[in-house]
1. Charges on Cβ only, +1 for Lys and Arg, -1 for Asp and Glu, centred on the Cα centroid of chain B; of B:410, B:379, B:101, which one is farthest towards the dipole's positive end?
2. What number comes out for the charge environment of residue B:411, summing +1 per Lys or Arg and -1 per Asp or Glu over other residues with Cβ under 10 Å away?
3. How much space per residue, in cubic angstrom, does the convex hull of the C-alpha atoms of region A:441-523 take up?
4. Between region B:504-533 and region B:30-62, what's the alpha-carbon centroid distance in Å?
5. Net charge near residue A:388: determine it from the other residues with C-beta under 12 Å of the C-beta of residue A:388, scoring Lys and Arg +1 and Asp and Glu -1.
6. If I fit a long axis through the Cα atoms of helix B:127-147 and take the longest principal axis of the Cα atoms of chain B, what angle between them do I get, 0 to 90°, rounded to 10?
7. Which distances, in nm and shortest first, link the residue A:396 label point to the same label point in every other copy, taking 7 Å along Cα→Cβ?
8. I'd like the Karplus ³J(HN,Hα) series for region B:205-214: coefficients 6.51, -1.76, 1.60, θ = phi - 60°, whole numbers in Hz, and an x wherever there's a Gly or Pro.
Number of protein chains: 2
Amino acid sequence: MPTDIEIARQATLKPITEVAAASGVPDEALIPYGKYKAKIDRDALPPAAAPGKLILVTAINPTPAGEGKTTTSVGLSDALHRIGKKTLLCLREPSLGPCFGVKGGGAGGGKSQVMPMDEINLHFTGDFHAITSAHNLLSAMIDNHIYWGNALEIDLRRVTWRRVLDMNDRALRQIVGPLGGVSNGFPRETGFDITVASEIMAILCLASDLKDLQKRLGDIIIGYRRDKTPAFCRDVKADGSMTVLLKDAIMPNLVQTLENNPAFLHGGPFANIAHGCNSVIATKTALAMADYVVTEAGFGADLGAEKFMDVKCRIAGLKPDAIVLVATVRALKMNGGVAKKDLTEPNVDAVRKGAVNLERHIENLNKFGINPTVAINHFYLDTDEEIAVIQEMASKFGTDAVICKHWADGGAGAEELAKIVAAKADKGADFKPLYPDEMPLADKIETVAREIYRAESVTMSPAVKSQLKQWEEMGYGNFPVCMAKTQYSFSTDPTALGAPTGFDVTIREVRLSAGAGFVVAIAGDIMTMPGLPKVPSAEAIYLDENGQIEGLF
Amino acid sequence: MPTDIEIARQATLKPITEVAAASGVPDEALIPYGKYKAKIDRDALPPAAAPGKLILVTAINPTPAGEGKTTTSVGLSDALHRIGKKTLLCLREPSLGPCFGVKGGGAGGGKSQVMPMDEINLHFTGDFHAITSAHNLLSAMIDNHIYWGNALEIDLRRVTWRRVLDMNDRALRQIVGPLGGVSNGFPRETGFDITVASEIMAILCLASDLKDLQKRLGDIIIGYRRDKTPAFCRDVKADGSMTVLLKDAIMPNLVQTLENNPAFLHGGPFANIAHGCNSVIATKTALAMADYVVTEAGFGADLGAEKFMDVKCRIAGLKPDAIVLVATVRALKMNGGVAKKDLTEPNVDAVRKGAVNLERHIENLNKFGINPTVAINHFYLDTDEEIAVIQEMASKFGTDAVICKHWADGGAGAEELAKIVAAKADKGADFKPLYPDEMPLADKIETVAREIYRAESVTMSPAVKSQLKQWEEMGYGNFPVCMAKTQYSFSTDPTALGAPTGFDVTIREVRLSAGAGFVVAIAGDIMTMPGLPKVPSAEAIYLDENGQIEGLF
């Protein structure tokens, strides 16, 4: 079997101008970044016909075995092209920093990848650098405001806006500064997060246009004043400059799949403290350009799909027409209690036992009005009996479960899935979010925990409750909630695989992302600045004699 | 008079593909970044004919009146094109962060500007972001090495490698971290500099190719071990990844002047703790493509031109064929003691008095074997009598002093200068650096201070002397010295204008840039992380209804 990088290197990329032309993007709307990447100027696009159908790709809870959600998104998109459907793929763009910790993620795998892998994983079109700059400009302006007299009376102990770098750097998590005396400012505790955790990343991905972007940036709460009222980004007059810094980053990035089909890679917010989906602008631009848009959400369906629908779709006025739920035999076996080293052995019972995870996700997605299609992302060791277990279970819900071989065969391996999903999308769905805007914040949290996670109880301290109450009084009560919990389990215990019951969900902390437009409810350890491992992959990355990057993948 | 920004907005830019084609850059060597910026892949350029002539533009000591060094570089380049000379302009690229403090610099002014001004001043082609990433990756790998056991036995108190951001943020100058206990690491004092002060910026600008870049990155001293021996970047195995991060940044950026002539903007190291010139790669690529290459050095000739010749030319094996020394009547009047508010009054005596500054620079440049041409950058209030004083003084040295009106008239206003300078460059010069490689480091410092600044004495503490001795023993004795002092005076007192004498130069501190390849001698207050002013220009920057940036210039 060739590796992902070997397959990638054998690929023949088309100039991005050709990919764009084939997608109906006129020259004047194309802003090239090198030969194989471009940004799309929406204002220069031809008027849209009827908007396309939106297809969400989500998955069972992730396991170390891998479920292949991005791979399936790519394969499905390529397959839709093969069956003659005008399709656009919308994915998140990866973060640079973590590539130097563990090996770079690329986008997709096998014969279902997005190209050019190395550029996508490195600086790409500079979007994340622009977000880093905009974020840290605001940070500098806050400390500068305090330095020059602090007219806003910002409480030094209550500055909530930190700084960011697109780097795994645990040493910056918690710092004290500025030190060095009068000329540097007033010392306080602060720290750095990784750029994808910046509220600006979430804002960029939820904004409808530049004007909305600037409004949301202005709405960011940077901290609290001595009288405990919030201080906003617009109070330090940073929103205009930040918008200027983000004016190119807001434009979707066009790249191509191995089969030379178009893909937007745009935005990449954290899927725990943020909503984990590509930008609204990319999705809407794609819907205006294509008949079918394939997009994905972070983590499993309990976190990613729920946020896709309750946060992204709600805020952007979008609705999914079909959902693909990705599962693998191997991942279900792990959910059924098999250790990773034993996955090569056929084990029908373990698949049956683990299928409860898939089952619960199917039930959950039906609560949003959409019966998903299960994509069984095929691995060569899967047996017919194991697959039959999944199909049998799915049939109880009237759900198709289709074997997909796009990893090995590219789009040709996902044609059956494409036909079924296109038909379902054409038929449409009766989408509804899980809870109404008007529901009190605490009830929204409880609704997600009980309906989606199946918690028996939800615990919120008086402090958390009164904080939520206060935000409701401040006018934020109509915000959706963004749950931050482990992605490995329906519960808050990452080791409780399958379909755990009888557990409590404790909300340790709540945070307000006033600019992005959601309330974050934290039910677990959330790391917003990763560290590097003992032997970072960076140690083995280099340019070879031919200028080819080694060690990144 | 229209403002710079008004002139810029009326300009008709050509697609960068056309600018490239007119300069002989084949399509396969052009990597577009949007419609008006591109990177040049040197490996895809046609073989060079005889290398072009190198023309350095430098200036008298800067004053608040402005001397117009970059403007003159642009005007001269456009004028050379007008008189039929195949010319390429090489400038530094500006830093993003400071644009939010005081208004953005653009490149040039009046009818002699480089375009597109806003993109050049914002993210441009991402070079500085790449340098920021590479720098901070090394920082993260150092703290990570310490965290995981510190096999190199790096002394926590002697880590010299800091972090960088392309931002004016005084609050980051001095910090303590990581705090927060075992999971974050070992607390120590550290801080951030602005990206242009990174040694990586200097390295990128001095490297001859990717291989040399990686070697120089590996040579960086990150700090000292418990036994006081140095620890290098390559000891933490960061050099390969850093090179990968910089693989695009090392390629020169092509833009155009208002007259649609080509310009490379590439690299922008500090002109105090570093050498203040655009990249060697851009200069050499330009020399291979054009018959005349116009480039500039930072600050006045005492700092900028000296470093251009003793650092950049020495390390890169370059030699200037002609030098243009820019002066203005107004700046000479200020050197002659006139206050800024009184500059509108004609004052022949003050010009005569201030011309001693110009005179000393002419003498100094002759020490490198090159008699410069003085460009009198014309201002509409200059009188014939004032100009005559300058020309008379210059004639004592056999030096032409040419009135240039490129600010008002573009290239047409600098044709006389172009003719004289082209003729001089054709004739060539007998360039020699100020001191030989073999001279001891302390003597090199003393030579620059006495020969160029005209110091009466040079003071170095025993600690400084023994440090220099130690570096000589470590094998760094052949490095050139990079002087860091005020740009406003020949002396270390920024208020001592004209041609001060009888002063002492005290070397407060020396630093080793082992990767860049020079020893920094600090004779004054050197700020490597600027702060924002009380009312940062960022407060007034915004995108107007037409998507045009307001307030940046």
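None of the figures in this text is laboratory data; all of them are computed from the coordinates on show. The model shown is predicted, which means the values in this text are computed figures rather than measured ones. All Cβ positions, glycine included, derive from the backbone under ideal geometry; neighbour counts span all protein chains shown.
1. B:101
2. -2
3. So the per-residue Cα hull volume is 78 Å³.
4. 29 Å
5. Around residue A:388, the charge tally is -4.
6. Result, in degrees: 20.
7. The projected label point of residue A:396 is separated from its counterparts by 10.1 nm.
8. 7, 10, 5, 8, 6, 4, 5, 5, 4, 4
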